1. Using a Gaussian network model on the chain with a 10 Å cutoff between Cα atoms, which of 150, 93, 309 fluctuates the most?
2. Just the projected area, averaged over all directions, of the convex hull on the alpha carbon atoms of region 55-126: how many nm²?
3. Of the candidates 108, 59, 162, which one comes out as most mobile in a Gaussian network treatment of the chain with C-alpha springs shorter than 10 Å?
4. Among 298, 71, 266, which one shows the biggest mean-square fluctuation in a GNM of the chain, springs joining Cα atoms closer than 10 Å?
5. Quick one: which of 27-37, 230-240, 191-201, 115-125 comes out on top by average Cβ neighbours within 10 Å, and what's the full order, highest first?
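Every read-out reported here was derived from the displayed coordinates using simple, explicitly stated rules and does not represent laboratory data. Keep in mind that this is a model prediction, so the values were computed, not measured. Every residue, glycine among them, receives a Cβ derived from its backbone with ideal geometry; neighbour counts consider all protein chains shown.
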């Protein structure tokens, strides 16, 4: 990091530019094992090396520049990388520029949605790759892109602080349209997020509305095709309270269009045990289409920090999917890995 900053300082001395730049990232390798069974009959078993905690490995670049008069410009560009092979092309995770000052802060580009950040704040597993975190089904429900996990073509505006601990963010997504669909504006969305943090308490709420947005559940079930001209609405609620010896969190999320969609809630507990941190979460949910599918999930695990940047961990979980005919599909998995950040 010091070499990076020295190099940046040298460039700045030549060009006259004065800006801060940081290279950061994560590398993770995990031994994973999983299985899928339906009504007691196993249909598949897999073992592999992958990434299990906080998404894929990544490398990113971020920086800021003092513009004077109390204003700051900033940027961030982040790429997902495949740490198992060297042949995969980097994937764009986040890419945005921003301005901040007395007016608040605005960021333009691809960035994490307020709904995902709200829900993951209540997940002690940190969006782990193990089955069981049903809220991830709500936040990866867009057909054909990463939204609403990360939103393309987005504008996020943080209002100036109006009270201690209170943060309000407004979001607008412009999906981009050609001549044939310029009138329908499919994929355009707008929303808001409210978060309050004071001492051990943290509470957040988000609401988003997306024009004619289909809903896809991935491995959880079938797809809901949005009714033309309607809005797909997503809401999330997350809360946490730190008791000192343990932290209790709760989240509730849903995404619906014309009475069809997916709902999920999670109750979780995490606690330090010596240097390690243990967690347990329990989720319930429903997929509502022409029939009702019931969902149950559980996750548990332990994180052991070997340093400030390196964590060894074991995460496991399961999801049970029960359809209208009472046929049950069970998805199980666990991962043992090392996560390093730089």
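1. 309
2. Mean shadow area of the hull around the Cα atoms is 6.4 nm².
3. Maximum fluctuation in the GNM of the chain, among the listed residues, is at 162.
4. Evaluated over the chain, the most mobile residue of the options is 71.
5. My ranking of the peptides, most packed first, is 115-125, 230-240, 27-37, 191-201.
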